[in-house]
Structures are given as C-alpha cells and as structure tokens.
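> Can you keep this structure in mind? I'll have questions shortly.
What follows draws every value from the coordinates through simple rules; no lab data is involved. The structure displayed is predicted, hence computed values, not measured ones. Positions of Cβ are generated from backbone atoms using ideal geometry, with glycine treated the same way; all protein chains shown enter the neighbour counts.
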Amino acid sequence: MSVTDLGMPAFPAAADRSTRDTRLRANLRYATHTIRDKRARAVGELEDWAQLRTAGRAIKERTLRHLDHYLERLEEAVTAAGGQVHWAADAAEANRIVTRLVRATGEREVVKVKSMATQEIGLNEALEEAGISAYETDLAELIVQLGKDRPSHILVPAIHRNRSEIRDIFRSEMGSWGRPAPEGLTDRPSDLAEAARLHLREKFLRAKVGISGANFMVAETGTLVVVESEGNGRMCLTLPETLISVVGIEKVVPSRQDLEVFLQLLPRSSTAERMNPYTSMWTGTTDGDGPQTFHLVLLDNGRTDTLADTVGRQALRCIRCSACLNVCPVYERAGGHAYGSAYPGPIGAILTPQLRGTASALDASLPYASSLCGACYEVCPVAIDIPEVLVHLRERVVEGGKVTRRGVKTLIKPAKGHAAERAAMRAAGLVFDRPGVLRAGQRLAARTRKLHPRRLPGPGRAWSDTRDLPPVPAESFRDWWQRTRGGERGSGREGHGDGREESGK
C-alpha cells in the first residue's frame, strides 16, 4: 500500500465527502464523458473489435495459466540481452531493491515514466526517505506531484483538476522543484504544456537514472514496451545511463506477435487513438545506444495470491486502459481519491482487495463501490467480468472463507458489521427454498402494501436515505399466472413452479 493511502476511511465515508465537492464533480463529469465518447467512436471504426477483444482475453488467460513458465523464459531472455532481473515478493522488497540500485550509481535524483506499479508500492516516498528525489515527467503526474496531491485516474491522474487550478499550482510550486513557471503564465493548454516542457527539459538532460514501468513484457525476447502520448517516456527511457523498470508479473505476454492485438486494444480503449504517438520498446542493453545498465524488478505484491483465486484472477488481465472508470456512474460522482488506492474505479474495486486483502475497513468496502450496472464489463478490452468479481468479493467480505495469502491457504473471518446482512441472506434463503412460505409472504406483502413505510427503520435507514423502497405490486407473478392461465396446467406444473407450492415442500 502506498503510504499516502494509510488511514483512509472506508469508501462510503470518503465518497460522502467527495460527492459534496461540486467543482470536483463538474471536472469529472466533463472529462469522463469526453473520453468515453471519443473512445466509442475510435472503437466503432473496427469491424473486428469483438474478435480483438476475444483474442486479448485468450492471450491473457493462456499466459496466466502458465505464468511461471513465461516468467522464467522472460528472465532468461532479459539476462541474455544484458539486463539484470530482480524478484520482489512485496512492496517493501521492491522499494529496497530500487533504492539500493539507485544508491549504487552514486546519484541522488531520478526521472520517472508514469507507472502504476511504482504508485502501488509507494516508491517515491521510499526514495525520498533515502534522500533520493524522484521527478515525475508525465504532465498529469507532474501536476499531481507539484500539488502535493494523489492521482485520481489511471490514464489522467490529474483529471480532478481544471486548467485554472493547474496554472495556480505551476505558478506557486514549480520554482521549488526546479525551473519556475514563466512570468504571466495563463491557463491556456498550450501555455501550460510549454511551462511543463521547459521545467522538465533540464531534468531530462541532467538525470543519470531513469525509472519506468511497462505496459507489456515479451517473454520470448525479453523486450519491454511502454506506450505514451507525450514523449516524456521516450526521454526517460533513452537519455539516462541506468534504467530501472518495476513491472507487475502479470504484464508478461508470450511473444511479439501478441503485441499486435494489444497495441490495437489499448490505445483505442484508453486515449481513443488508433495508435499511441510513442511506442517504445527495448531489449536489454546496446553498446553506445541508450542506457548502458538495465534492471528489471518483477513485482508480485499479492499477484500470485490473486492468481490462486479462480474467479478473481481475471483482474490480472487488466491492461490499465481506464475505460471502466470513464463509464462508471460511481467513479464519476465519487472521484478516484475515495478508493484509497493507486487503482481507482471498477478495476480498483476488484484488484485492490485482492492485492491487499480485506482486513481493513477501506479494502472491505471497495467491492461495494459499484452499482453492478455492468457498463465496465461492456467496455473492457480484455472482457474482465468486473460485476462477477465484485459479487465474489462481497461474498468473501460477508462470509469469510479460504483465501491465499503469501502463498499459504488461510481461513479469514467475516468482516465486522455484516452480521445483519448474513442473517437477512440466510432468512431469504430459507424462504426461497420453500415455495409455500414464499407465496404466503408475497400475498401478505401485497395485502398490506398501503401500510409499508417509504423509509426503512434502524440500520436499514442508511440504505433508504438515498433511494425509495420499490412499491409492492397488488399480486405476485405466480398469482397473476394462476388467475389468467390457471387452466393451462398441462402436465400439472404451475407456470414456473414445480407443483409443490401447496404442500410447502
């Protein structure tokens, strides 16, 4: 967990605050609607999008089933190409490895390519504690860093900021990090981009160490791939003398041919482009060209445990396109900070509780941060059934059960505060298992419907504070069917029933 997320309240409390921020909601609504509309047009250009989606899912599934094989093959290929591979079981180990590698160069500053993995492990904070300055070079990440803020979106980390806020941040903070903002800086996008370009250029030219993640790693060749839109990644990947890449183990793909699929899926789903302006690939080191020392840190940090879950493992197919965030009604209103994780939105609601567990109130609440509308599944380029995993994780939170933690099967207890929910579900199960009792309850509810309150009492008040109770119909479907078609009994079966309603069996 990133140190910036320690002490975060559960999602409902955090979302309650963020939804009251009218400027935040306006920023999010404008940005997410713009991105998703552009994405829909870009995807609509391809007649074979559904086939590409199926292919992407199949490649990821095959790789995850044989992940050990492909990771060993990747290590061999990277080593043969002149790189060095390090294995990190968790965030603390990854931070120690990177810190040691930077210190070995004698440098005290690094430039960084936008990386979700380094946010996940809190690398910037770990380097700062070791006396090493880490400079973000992605424009949105730069805005977040200068503003002493946290990312709130996978693709656009500063999506919660508008242009005037960014101008004010540049004016007040750039000077303390390096070259100050130009005099009279306006909030025009071109002026803001130029200010960032001038500020970052001196860092690119001075830095001896670069740190990156990777969108993909090719097992057969040891090639790493970064796709981006600004060119800052290309500068970080080519100018420094030492390059350190921190990458989750799930980012491996078997062959270069597989990139053909993902380099069509990712840009259209993320930036709504036919292809990314910058697609950088590197394989080990080359004398006289680019970094002369390359380190690959392969990060587990809960991924192997997630792989052991036959339902939840599909979250590891994620290619970080952020399409699910842009269609999610919950994310649009609550914003990314409410999720308390480097991974906000629907994918974060299923990935974070698996990587970190559900012991904390925040992580136990994340599977409930969804309306289960299914829009996230419809837009996912690798067909992750996010609603299915959300329901699966909700069951884990309420019921507890066996999970894998650090490679060991562990029995976890149900989360606190769900006793009433468990009792209600058990009662519902008993009723639904007895058709006669169900029919009696339906008739009683129909005959007393005028007496039903519009709000629930007691603990149920929290649910009905933001929604009306659905009205009870005058008669149940079973009664309507019996009344209108009761003579059409055929083999003695009543509609969808099994002929046992009257006996209650």
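> Specify which residue in the list Thr79, Val297, Ile154 is farthest towards the positive end of the charge dipole of the chain, using unit charges on the beta carbon of Lys, Arg (+1) and Asp, Glu (-1), about the Cα centre.
In the chain, that residue is Ile154.
> About the Cα centre of the chain, what is the dipole size in debye to 20, counting +1 per Lys and Arg Cβ and -1 per Asp and Glu Cβ, all else neutral? Can you show the working numbers first?
Numbers: 72 positive and 63 negative charges, 466 e Å.
The dipole of the chain has a size of about 2240 debye.
> Let me ask something additional. By its C-alpha gyration tensor, with a ≥ b ≥ c as the square roots of the eigenvalues, how is region 53-156 shaped: rounded for a/c under 1.5, else prolate for a/b larger than b/c, else oblate? Intermediate values should be presented prior to the final figure.
Details: a/c = 2.39, a/b = 1.34, b/c = 1.79.
Since a/c reaches 1.5 but b/c is at least a/b, the shape of region 53-156 is classed as oblate.
> Express in whole angstrom the spacing between the alpha-carbon centres of region 38-76 and region 420-447.
Between the Cα centres of region 38-76 and region 420-447 lies a distance of 44 Å.
> Among residues other than Gln314 whose Cβ falls under 10 Å from its Cβ, what is the net charge (Lys/Arg +1, Asp/Glu -1)? Mind showing how you got there, number by number?
Working: positive: Arg57, Lys60, Arg313, Arg317; negative: Glu61, Asp309, Asp385, Glu388.
Once all neighbours under 10 Å are counted, the net charge is 0.
> For Leu372, what residues show an amide H to amide H distance below 5 Å, using hydrogens built from the backbone and excluding near sequence neighbours?
HN-HN under 5 Å from Leu372: empty list.
> Related question: Could you give me D for the chain, from Stokes-Einstein at 4 °C and 1.567 mPa s, where the hydrodynamic radius is the Kirkwood radius over C-alpha pairs? Units µm² s⁻¹, please. Working shown, then result.
On the way: Rh = 25.2 Å.
Taking Rh from Cα pairs, D becomes 51 µm²/s.
> Please list 3J(HN,Hα) in residue order for region 8-23, calculated via the Karplus relation 6.51 cos²θ - 1.76 cosθ + 1.60 where θ = phi - 60°; whole Hz, with x for glycine and proline.
For region 8-23, the Karplus curve yields 5, x, 4, 3, x, 5, 5, 5, 4, 6, 5, 5, 8, 8, 5, 5 Hz.
> Which value, in debye to the nearest 20, describes the size of the charge dipole of region 77-124 about its Cα centre when Lys and Arg Cβ atoms bear +1, Asp and Glu Cβ atoms bear -1, and nothing else is charged?
Values: 6 positive and 5 negative charges, 29 e Å.
With Lys and Arg at +1 and Asp and Glu at -1, about 140 debye.
> Can you list the residues, at least 5 places off or on another chain, whose amide H is less than 5 Å from the amide H of Arg405, using H built in the peptide plane?
Under 5 Å from the amide H of Arg405: Thr410.
> While we're here: With θ set to phi - 60° and the Karplus curve 6.51 cos²θ - 1.76 cosθ + 1.60, what are the ³J(HN,Hα) couplings of region 379-386 in order, to the nearest whole Hz, using x for Gly and Pro?
Whole-Hz 3J(HN,Hα) from phi for region 379-386: 9, 5, x, 10, 6, 6, 7, 4.
> Enumerate the amide H contacts of Trp282 below 5 Å, restricted to partners 5 or more residues apart or on another chain; note that Pro and chain-start residues carry no placed amide H.
Leu224
> Tally Lys/Arg at +1 and Asp/Glu at -1 over every other residue whose Cβ is under 12 Å from the Cβ of Pro453; what's the total?
Numbers: positive: Arg449, Lys450, Arg454, Arg455, Arg461; negative: Asp468.
Within the 12 Å Cβ shell, the charges total +4.
> I've got another one for you. Extending each Cα 7 Å along its Cβ direction at Asp90 and Leu411, get the distance between those two points in nm, one decimal.
Those two pseudo-labels are separated by 2.3 nm.
> Which length gain, in nm to one decimal place, applies between Tyr278 and His452 when the Cα-Cα distance is subtracted from 0.36 nm times their residue separation?
Gain on extension, Tyr278 to His452, equals 56.6 nm.
> Right, next: Quick one: how many lysine pairs in the chain have C-alpha atoms under 16 angstrom apart, if they're 8 or more apart or on different chains?
Eligible lysine pairs with Cα atoms under 16 Å apart amount to 6.
> Kindly point out, ordered by number, any Cys in the chain whose beta-carbon has no other cysteine beta-carbon under 4.7 Å away.
Cys236, Cys318, Cys321, Cys328, Cys373, Cys380
> While we're looking at this one, here's another question. What number, in percent, do you get for the relative contact order of the chain if the mean sequence gap of Cα pairs under 8 Å and at least 6 apart is divided by its residue count?
So the answer I get is 18 percent.
> Given R₀ = 41 Å, what would the calculated FRET efficiency be for Asn162 paired with Ala474, taking r from the Cβ atoms and rounding to 0.05?
On the way: r = 51 Å, r/R0 = 1.24.
So the FRET efficiency works out to roughly 0.20.
> Using the basic label-point model (7 angstrom from Cα toward the beta carbon), what is the Arg103 to Ala428 distance in nanometres?
5.4
> Please list 3J(HN,Hα) in residue order for region 148-153, calculated via the Karplus relation 6.51 cos²θ - 1.76 cosθ + 1.60 where θ = phi - 60°; whole Hz, with x for glycine and proline.
Running phi through 6.51 cos²θ - 1.76 cosθ + 1.60 with θ = phi - 60° gives 6, 10, 10, x, 10, 7 Hz.
> Convert 25 °C to kelvin, take the viscosity as 0.890 mPa s, use the Kirkwood radius over C-alpha pairs of region 13-64 as Rh, and evaluate the Stokes-Einstein diffusion coefficient in µm²/s, rounded to a whole number. Mind dumping the intermediate values first?
Values: Rh = 14.1 Å.
Estimated via Stokes-Einstein, D reaches 174 µm²/s.
> Given Cα pairs under 8 Å that are at least 6 residues apart, what percent is the relative contact order of region 385-476? Intermediate results must be reported in sequence, preceding the final value.
On the way: 59 pairs, mean separation 16.4, N = 92.
Across region 385-476, relative contact order equals 18 percent.
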